């Protein structure tokens, strides 16, 4: 049976993922900012799937809490087979341009805290020579754009870190999956217009679950984002610089 | 601003949408004069779920199950949980909804706020009759657990309270046990209106679920002809199989000509003629029995972009069949066929809800394509019959009733007004009380 740690468990994607994992019989440890919300998710999983899940409230910004949290999850579940990093925030780009502190805070949550968790997890998984690490990055990290480059740069840092980790852990048989969702219809994007490109969390979760079984690479979800980003990446910089993206 | 629509797609409104994802959330900080209205799955037909110029609190992601007692079938869930999701969960456990409207794509919060009823009203009463307690979040930040014994007045005001008394965050209600997912169904051919009353009366004694489809274009001695469907949950233990998600979809608006007098007449004739015997027996899964229209996503698009009205009213038993007959005659004369005409008798089980719609009598639900003035003219003609007979309209379906009709048929609305949260309102409420929106 799979033992899974989900960090940032109150995001819409993470909540849907936890439901699917619980349904498949996994034992779960859920970490997130709000104890109240984690409690609601735990109740739901208990009623729907008859599983008791462990929950822990954590301040992502307090990096000293990261290693003890992972230790505790491994101890409570009797080991870890899967860890999924889901937390993040979508910054207000304009506000970040005015205020360095906001930019710094966005980097701490979207990049630094994620790679801090990943570092601890990588050492543990490398030692046990098994397991799967999944982190939710973003298509926004594939190329910096004026409308969203603080978020994009933080996610680009995360994606590059994951590439290196995948490379390093390959001999140990540990799989590392970088998830790059496009627009997903969640509270994080509630203010955006719902267009054709907007995917449901369920679609994204189905792709992530498949990757958790056997994936070991970058996962664009829904699939068509691989091709959209391919096009965006090949546009020469001297042309890209004139675009309003 | 967002152009969310109600199921009837009339009236067209614009409002802000704010997501409420957690029952532990507080209400968003209201701007000066901002008015809220909870919005679940938008299956109210008229403007009961709309708040033109205001804010809708979208609750569909607040849909967690919080407690379930497999011994008693009592479920506590967040208000955005859909009846669809509850059936998926409950049926395999041997439980079913205590009563259900004709679609499973409504939220529990919406079921309470509209105090919905079903084909078993004569046995089970309304949805509100099965509610044990709920939590109400008021704009002053208070969280009030309401039940027949705690905050009993707010309990009564909120059941059928159209979402105006605050945000329902969770609801605790009782499911009913079933031995099988199947329904033993009988379809009875009804010759005319008198026949309906006779068969309906006799059916209500032996069957938990009864409802009749009526060919509202039939005239003369055939006036009121139709098919009465009656059923009971199968008694012998059977497979507790849940329903599948709809596979059919209406992807685009139909041209408004698609549903006209001729096509409705053709359909009705075929539908009625399909049954050869007086009584046809069958064993049906609960899904096609309770939710035939759920099989097609966005079926409301067949009425085109201008949308349609559902005209549902009840008239008390005392006013006899004359009024119903008069309504059918006026519709037939107008040539505006109703594709769907549903007739049912309500029982006398009282609802705890202060503004609850069902009352002992006969209820008729009709669908009319929105043809503007022509349709309104017909409604006015029907309205005089309904009012004369002491009838009332169903707010969950309504987009038209005049304020006078509301005041006359819901005489306790002023008493109800004391329980409205000062930061909550709806297009419906402003229309039927002639109140201007505060901006």
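Bear in mind that the values in this text are calculations on the coordinates, not laboratory data. Because the structure is a prediction, the values reported are computed rather than measured. Please note: Cβ atoms are built from the backbone with ideal geometry, for glycine as well, and neighbour counts cover all protein chains shown.
Over chain B, what per residue volume does the convex hull of the Cα atoms give, in whole Å³?
Values: hull volume 59.2 nm³, N = 439.
Normalising the Cα hull of chain B by residue number yields 135 Å³.
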Among rounded, prolate and oblate, which fits segment B:303-439 when a ≥ b ≥ c are the square roots of the eigenvalues of its C-alpha gyration tensor, a/c under 1.5 means rounded, and a/b larger than b/c means prolate? oblate
By how many nm would the segment from residue B:25 to residue B:206 lengthen if fully extended, with 0.36 nm per residue of separation less the alpha-carbon distance? 60.5 nm
For A:44, A:61, B:253, order by how many other beta-carbon atoms lie within 10 Å, fewest first: A:61, B:253, A:44
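Expressed as a rounded percentage, what relative contact order does segment A:1-125 have, with Cα pairs under 8 Å and six or more residues apart? Intermediate results must be reported in sequence, preceding the final value.
Values: 177 pairs, mean separation 35.5, N = 125.
Here the relative contact order equals 28 percent.
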In whole angstrom, note down how far apart the Cα centers of segment B:364-389 and segment A:94-134 are. 62 Å
Approximate shape of segment A:59-143 as ellipsoid semi-axes (Cα gyration tensor, √5λ), whole Å, largest first: 29, 14, 9
Anisotropy class of segment B:260-305 from Cα gyration tensor, a/c 1.5 cut: oblate
Quickly rank A:234-243, B:139-148, A:16-25 as a protection proxy: mean count of other C-beta atoms within 10 Å, highest first. A:16-25, B:139-148, A:234-243
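Pull up the DSSP beta bridges for the protein assembly as shown and report the antiparallel fraction as a percent, rounded to 5. Don't skip to the end; give the middle numbers.
Details: 62 of 100 bridges.
Once the DSSP bridges in the protein assembly as shown are tallied, antiparallel ones form about 60 percent.
Provide Rg over Rh for the protein assembly as shown; use the alpha carbon set for both Rg and the Kirkwood Rh (inverse mean inverse pair distance). Each step should come with its number before you reach the end.
Numbers: Rg = 27.9 Å, Rh = 27.5 Å.
A ratio of 1.01.
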With Rg from the Cα atoms and Rh as the Kirkwood inverse mean 1/r over Cα pairs, segment B:182-399 has an Rg/Rh of 0.96
Using a basic spin-label model with each label point 7 Å from the Cα along Cα→Cβ, how many nm lie between residue A:239 and residue B:132? 6.5 nm
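May I ask you to derive the relative contact order of chain A, considering only C-alpha pairs under 8 Å and at least 6 residues apart, and to give it as an integer percent? Please report the intermediate quantities before stating the final value.
Values: 415 pairs, mean separation 41.3, N = 245.
Worked out over chain A, it gives 17 percent.
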Dimensionless Rg/Rh of segment A:101-189, both radii on Cα and Rh by Kirkwood, sits at 1.01
Would you mind ranking A:86, B:129, B:77 so that the residue whose beta carbon has the fewest other beta carbons within 10 Å leads the list? B:129, A:86, B:77
Any idea how far the Cα center of segment B:188-226 sits from the one of segment B:146-187, in Å? 29 Å
For segment B:182-399, what relative contact order do you get, as a whole percent, if you take Cα pairs closer than 8 Å and at least 6 residues apart? 25 percent
Average other protein chain Cβ within 10 Å of Cβ, residues A:34-44: 4
With a Förster distance of 25 angstrom and the Cβ-Cβ distance between residue B:349 and residue B:236, calculated FRET efficiency to the nearest 0.05 equals 0.35
Express as a percent, rounded to the nearest 5, the fraction of DSSP beta bridges in segment B:182-399 (both residues included) that run antiparallel. 95 percent
Translational D in µm²/s for segment B:62-201 (Stokes-Einstein at 20 °C, 1.002 mPa s, Kirkwood Rh from C-alpha pairs): 133 µm²/s
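Which order do the peptides A:104-110, B:360-366, A:2-8 take when ranked by the mean count of other beta-carbon atoms within 10 Å per residue, highest first? Intermediate results must be reported in sequence, preceding the final value.
Details: A:104-110: 18.4, B:360-366: 21.7, A:2-8: 24.1.
Result, highest mean Cβ count within 10 Å first: A:2-8, B:360-366, A:104-110.
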Mind checking B:74-80 for the average number of partner chain beta-carbons within 10 Å of each residue's beta-carbon? 1
I'd like the antiparallel share, as a percent to the nearest 5, of DSSP beta bridges with both residues in segment A:3-240. 0 percent
Taking B:340, B:248, B:217, A:133 and counting other C-beta atoms within 10 Å, the order from fewest to most: B:248, B:340, B:217, A:133
Report Rg(Cα)/(2.2 N^0.38 Å) for segment B:164-240, keeping two decimals. 1.54
